[in-house]
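To start, the structure under review is shown below, and the notes come after it.
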DNA sequence: TCTAAACCAATTTTCACATTGGTTCATGAA
DNA sequence: TTCATGAACCAATGTGAAAATTGGTTTAGA
């Protein structure tokens, strides 16, 4: 029982070092591997269990056995994510994320992008309904993401927006008529765009933070706190 | 031709206002809808084309017709995203995102989470290979995301990490031996964790930014710039 | 010229089947 | 008995083809 038990483990270790696994790090199914290493499936499974305990491999029924650490599962499952979060969490994420978006937008936005954003801000002012206001507000915030010239940041922003819509969706208040003439966002949007146009990243981030804090306050009140 | 043509459009508009569409805003297939509204498929399609021109609905072969604006395609398609980005973009995203993660972690981390992170930092120091070093480095950065107590932020961080691995993957250098004893990250990790433990969000964000700037510099050199 | 039916192509859904890690159990050696 | 061994079985997953669905296009007919 002394080295009869350790021998398969070392055999397996040696195999893993020399084997040319595919890009995904997947190794052959247990039945094949057992035959290739000239051992029973039971003893192979024991050896694999040891390696799994050490975090060197991970396994899943129907998939196979893989080298390395188990990949993160929930990365892109938006539906599952919506169930685990809530409006205040989304707001906190926006407050962490969007000011930095604004900062980078100030550094990288093109002239035509700035024009587009100004057009969105203008449409927000003229929107005859809350629905249309939100449409252009969304476009404005996304345009800032585009202006960063960073596809990854834009994708992350889009993901956050998707979650935000899904979370906010159920409690979508039916507001009366239209945004008031002196709606706080109008001026705050202008401040953000001024800073972006002036290439002042710090001011853009601050203005965005101020804007989102106001939105957060409104959200708090609408949630009844 | 005068109102024979506008009548189907108004009928369709009236339907859209009263119909109880599912959460996805999908409306019945053309054939069903045509029968329900008692009109031919051709005239229904004309009306739908009008609404589509106004941006009120969008359609796709094999999928169906949906209310609202066409959703952003790339929100969660990581594979497509990997093709459109590059290591420097990922680095810029990390620099924008992770300092704010650290700031929120400082505000919300639990004691056991701080202990976990310290354990990761310690394992980084003792790692006998670069591979294991990266393993614990990844765990440390993700633990900071967990410490924000914000499921959405953590999901965004995971997405970014997935993309980062995929992008960096092809240019994975086979470094010799192991991280040097005085590897810059060791002390920088400690600084971040000190700030988090002291509940100093600003210091945590600054320390993270400093850390990532160093990583960025190394990346630049390894890319040959 | 307009309409409705037929047809087309993109997409989703369904289903059967193979694959794979996990579990149970009878067998047999120690 | 006790415990390891291997075969059979189980449930989750992947695969791939066929069928159904759906918006788009063409065509014949009134």
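Does residue A:220 satisfy the condition of being outside any helix (DSSP H, G or I) and either surrounded by 13 or more Cβ atoms within 10 Å (Cβ to Cβ) or over 26 Å from the mean Cα position of the chain (by Cα) (or both)?
Numbers: outside any helix (DSSP H, G or I): no; either surrounded by 13 or more Cβ atoms within 10 Å (Cβ to Cβ) or over 26 Å from the mean Cα position of the chain (by Cα) (or both): yes.
No, not satisfied.
Can you name every residue in the stretch B:18-27 that is at pLDDT 70 or above and farther than 13 Å from residue B:57 by Cα?
B:18, B:19, listed by residue number.
Between B:104, B:37, B:48, which is within 14 Å of DNA strand D (Cβ to nearest atom), crowded, with 18+ Cβ neighbours inside 10 Å and either away from every other protein chain (no Cβ under 14 Å) or at pLDDT 95 or above (or both)?
Working: B:104 fails: within 14 Å of DNA strand D (Cβ to nearest atom); B:37 fails: crowded, with 18+ Cβ neighbours inside 10 Å.
It is B:48.
Conditions first: (1) in a helix (DSSP H, G or I); (2) more than 16 Å from DNA strand D (Cβ to nearest atom); (3) under 22 Å from residue A:13 (Cβ atoms). Residue A:120 passes all but one, so which condition is the exception?
Checking residue A:120 against (1) in a helix (DSSP H, G or I); (2) more than 16 Å from DNA strand D (Cβ to nearest atom); (3) under 22 Å from residue A:13 (Cβ atoms), the one that fails is (3).
Does residue B:147 meet the test of being closer than 28 Å to residue A:155 by Cβ, at pLDDT 95 or above and surrounded by fewer than 17 Cβ atoms within 10 Å (Cβ to Cβ)? Talk me through it step by step, then tell me what you get.
On the way: closer than 28 Å to residue A:155 by Cβ: yes; at pLDDT 95 or above: yes; surrounded by fewer than 17 Cβ atoms within 10 Å (Cβ to Cβ): no.
No, not satisfied.
Restricting to the stretch B:27-46, what's the tally of residues that are part of a helix (DSSP H, G or I) and more than 11 Å from DNA strand C (Cβ to nearest atom)? Spell out the reasoning first.
Going through the stretch B:27-46, the residues part of a helix (DSSP H, G or I) turn out to be B:30-36, B:41-46.
Add one more test, that the residue is more than 11 Å from DNA strand C (Cβ to nearest atom), and what stays is B:32-33, B:36.
Here the count works out to 3.
Every residue, every condition in (1) more than 11 Å from every other protein chain (Cβ to nearest Cβ); (2) surrounded by fewer than 18 Cβ atoms within 10 Å (Cβ to Cβ); (3) without any contact (Cβ under 8 Å) to a residue 12 or more places away in the chain; (4) closer than 20 Å to residue B:163 by Cα, yes or no:
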residue: A:109; (1), (2), (3), (4): yes, no, no, no
residue: A:112; (1), (2), (3), (4): yes, yes, yes, no
residue: A:120; (1), (2), (3), (4): yes, no, no, no
residue: A:125; (1), (2), (3), (4): yes, yes, no, no
residue: A:128; (1), (2), (3), (4): yes, yes, no, no
residue: A:142; (1), (2), (3), (4): no, no, no, no
residue: A:159; (1), (2), (3), (4): no, no, no, yes
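All but one of (1) at pLDDT 85 or above; (2) over 30 Å from residue A:81 (Cα atoms); (3) within 13 Å of chain A (Cβ to nearest Cβ) hold for residue B:172; which doesn't?
(1)
Among (1) under 24 Å from the mean Cα position of the chain (by Cα); (2) modelled with pLDDT of 90 or more; (3) over 18 Å from residue B:218 (Cβ atoms), where does residue B:139 come up short?
Answer for residue B:139: the failing condition is (2).
Please specify each residue of the stretch A:47-70 satisfying the condition of being within 13 Å of residue A:13 (Cα to Cα), touching a residue at least 24 places away in the same chain (Cβ under 8 Å) and within 10 Å of DNA strand C (Cβ to nearest atom).
Matches in the stretch A:47-70: A:48, A:57.
Mind listing whichever residues of the stretch B:51-66 are near DNA strand D (Cβ under 9 Å from one of its atoms), outside any strand (DSSP E or B) and touching a strand residue (DSSP E or B) at 6+ places or on another chain (Cβ under 7 Å)?
Hit for the stretch B:51-66 is B:52, nothing else.
Could you list, in sequence order, all residues of the stretch B:69-101 that are more than 7 Å from chain A (Cβ to nearest Cβ), at pLDDT below 70 and either closer than 17 Å to residue A:105 by Cα or not in a helix (DSSP H, G or I) (or both)?
B:71, B:77
Checking residue B:24 against (1) within 14 Å of DNA strand C (Cβ to nearest atom); (2) within 28 Å of residue A:167 (Cα to Cα); (3) more than 14 Å from chain A (Cβ to nearest Cβ): exactly one of these is not met. Which one?
Unmet for residue B:24, out of (1) within 14 Å of DNA strand C (Cβ to nearest atom); (2) within 28 Å of residue A:167 (Cα to Cα); (3) more than 14 Å from chain A (Cβ to nearest Cβ): (3).
Of these, A:62, A:55, which one is loosely packed, with under 13 Cβ neighbours inside 10 Å and modelled with pLDDT under 90?
Numbers: A:62 fails: modelled with pLDDT under 90.
Unique residue meeting the criteria: A:55.
Report every pair of residues separated by at least 6 positions or lying on different chains whose Cβ atoms are under 7 Å apart, first residue within the stretch B:24-38 and without any contact (Cβ under 8 Å) to a residue 40 or more places away in the chain, second within 10 Å of DNA strand C (Cβ to nearest atom) and part of a strand (DSSP E or B).
Once the first residue is without any contact (Cβ under 8 Å) to a residue 40 or more places away in the chain and sits in the stretch B:24-38, its partners that are within 10 Å of DNA strand C (Cβ to nearest atom) and part of a strand (DSSP E or B) give B:29/B:64.
Where residues in the stretch A:6-17 are at pLDDT 80 or above and more than 11 Å from DNA strand D (Cβ to nearest atom), which of them is farthest from the other protein chains (Cβ to nearest Cβ)?
The selected residue is A:11.
Quick one: count up the residues across the stretch A:144-153 that are closer than 18 Å to residue A:92 by Cα and at the interface with chain B (Cβ under 9 Å from one of its Cβ atoms). Break it down into steps so the answer makes sense when it comes.
So the first thing to find is which residues in the stretch A:144-153 are closer than 18 Å to residue A:92 by Cα, and the list is A:145, A:153.
Then drop every residue that is not at the interface with chain B (Cβ under 9 Å from one of its Cβ atoms), which leaves A:153.
Of the residues in that region, 1 qualify.
The values are calculated or read from the model by the stated rules, or taken from the named source; none is laboratory data. Since we're looking at a predicted model, the values are computed, not measured. With ideal geometry, Cβ positions are generated from the backbone for all residues, glycine too; neighbour counts draw on all protein chains shown.
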